Structure formats: structure tokens, C-alpha cells
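Single-structure report; data block below.
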Amino acid sequence: MRFKRMTAAVAASIALVLAGVLPASAADEAESGSTSNVVGDPEYNVLGETPTQPDARARMSVATPTRITFSENPVGTYVQSLYVATHGVQFGPTAFIATDGANPTSPVLSGSPRFQGDITGTFVNADGPFTVDHFSVDIGYLDAANAVSIRAFDSRGLELVTVPVSLTGIVTVNVTHPNIAAFLVFTSGSEPAGWAIDNLTFTAPSGDPSNDAGAYVAPW
């Protein structure tokens, strides 16, 4: 296998890439001898926006979605703080993992009493509360439309949006709003057989201090 000898310029560029100062494309340009206009580069200047400075780019990292399936702990476990360190969510004290024959991805998370109680969740990790702009969760099994709703709150405990579940069965509900710090899933109509949640999915912020919820005020 043959390797091209690196020039001093290439080696210096790679060192800057590893340090997070230059984008990876800069190393390729140094090797080819070409350069790009930073202000005119679409990666830096989209639709006339001010170019992002390299030091700001270095602070950012790629965030990966978090997914909680509630198969991570034994059935019957009350999960209040169990998912804080591993997944970044604190649930209400009465939520517990249960089996549900009507849900193909059982086990699920139930409120108390079983399949009848509300479920609350707060986004929090070792650094404290944080906010998200979107999350999704499976709710069911629902025999009636508009029987269950999700309410999202900001870090002050103020309501941001309420999303009614207008379908039946196992329904994946997407909630999108800036700065969601917590959520409540509750019975808002008639659902005698009850419901549970599963497959909570969200993307935590990474390197963006403006997305920090600060001191959280619970609305319940």
C-alpha cells in the first residue's frame, strides 16, 4: 500500500482540524493547493448570514437522538430518577415500568394507578435542567380519539403547547416547540381501558448554553 508524503502545510492543517480550529475541508484544500473564500463558502455563509467563527464551531458537537424504550430496567420498577444519568429525563414519582399486551413494543411506562395515571417528565442531566425543541413518544393503546393529550412546559413552568391525540391504537405523537423543559401526558377525555407511553425520543442540546433551562420550576 502506498502513502503520499505529507507536506508541512498539510500536516499543519490536519493539526488544526484535530484541534477544532479548521473544518476538515481545509486540510484537503491545503493538500490540493486550492483555497476557498470563507465569506462566500455556503458552509459559512448561508443566505447572507454572518459567517460562523471557527472557535464557535469548535465548541459545537453533533448531538445524537436519545431513545428510552423502558426495557432498560425490570418490569415493576418505579423509574423516577433512574433515567437521569443514562438518558437525561426525570419522571414523576408514580411512573413505573409495566407489561402491556396491547403494545407490540412492551414493556411500557405506566402512571399510577396502572394505565390510568398521568405521566410527567423533565429534561435534566448532570449539569442540570435543559430544554429541547422537539420530542416524540408512543401513546396507547387508545380505544378512543382525543382521550389523551400531551402538554409541554418551559423552564418557568408555563404551558407552551398542548397536543391532543386524535387517533386510536398505538400513536406516535410529535411535539415541537422551542425551549421545552418538561411534559405532561394526561387523560383529557374518556379512555376506560387506559394507556401508557413508550419509545420516548428527543435530541439533547450539545454545546449551546442558550438551550439551558436554568433553574426549573415544576408546573405540577
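What to note about this one:
For every residue, the table says whether it meets (1) touching a Lys or Arg at 6+ places or on another chain (Cβ under 6 Å); (2) touching a residue at least 24 places away in the same chain (Cβ under 8 Å); (3) among the aliphatic types (A, V, I, L, M); (4) surrounded by fewer than 17 Cβ atoms within 10 Å (Cβ to Cβ).
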site: THR66; (1), (2), (3), (4): no, yes, no, no
site: GLN90; (1), (2), (3), (4): no, yes, no, no
site: PRO93; (1), (2), (3), (4): no, no, no, yes
site: VAL108; (1), (2), (3), (4): no, yes, yes, no
site: GLY121; (1), (2), (3), (4): no, yes, no, no
site: HIS134; (1), (2), (3), (4): no, yes, no, yes
site: ASP138; (1), (2), (3), (4): no, yes, no, no
site: ALA147; (1), (2), (3), (4): no, yes, yes, no
site: ARG151; (1), (2), (3), (4): no, yes, no, no
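- Subset of segment 93-135 (residues that are of a type in the set (Gly, Ala, Ser) and either assigned to a loop (DSSP other than H, G, I, E, B) or within 16 Å of TRP195 (Cβ to Cβ) (or both)): ALA95, ALA98, GLY101, ALA102, SER106, SER110, GLY111, SER112, GLY117, GLY121, ALA126
- Filter pass, PRO178 being open to solvent by 20 Å² or more (accessible area, probe 1.4 Å), in contact with a helix residue (DSSP H, G or I) (Cβ under 6 Å, 6 or more places away or on another chain) and either touching a residue at least 40 places away in the same chain (Cβ under 8 Å) or not in a strand (DSSP E or B) (or both): no
- Identity of the residue in segment 111-129, at pLDDT below 90 and not acidic (Asp, Glu), that ends up farthest from PHE186 (Cα to Cα): ALA126
- Condition check for ALA145: at pLDDT 95 or above and either within 19 Å of PHE202 (Cα to Cα) or in contact with a Leu (Cβ under 9 Å, 6 or more places away or on another chain) (or both): no
- The number of residues in segment 95-106 that are crowded, with 21+ Cβ neighbours inside 10 Å and among the aliphatic types (A, V, I, L, M) comes to 2.
- Selected residue [within 12 Å of the chain's Cα centre (by Cα) and surrounded by 15 or more Cβ atoms within 10 Å (Cβ to Cβ)] from LEU160, LEU200, LEU184: LEU200
The values are calculated or read from the model by the stated rules, or taken from the named source; none is laboratory data. Fair warning: this is a prediction, and the values are worked out from it, not measured in the lab. Don't worry about glycine lacking a Cβ; one is built from the backbone with ideal geometry, like all the others, and counts go over all protein chains shown. For accessibility, only protein heavy atoms count, side chains too; no ligands or nucleic acids. Shrake-Rupley method; radii C 1.70, N 1.55, O 1.52, S 1.80 Å.
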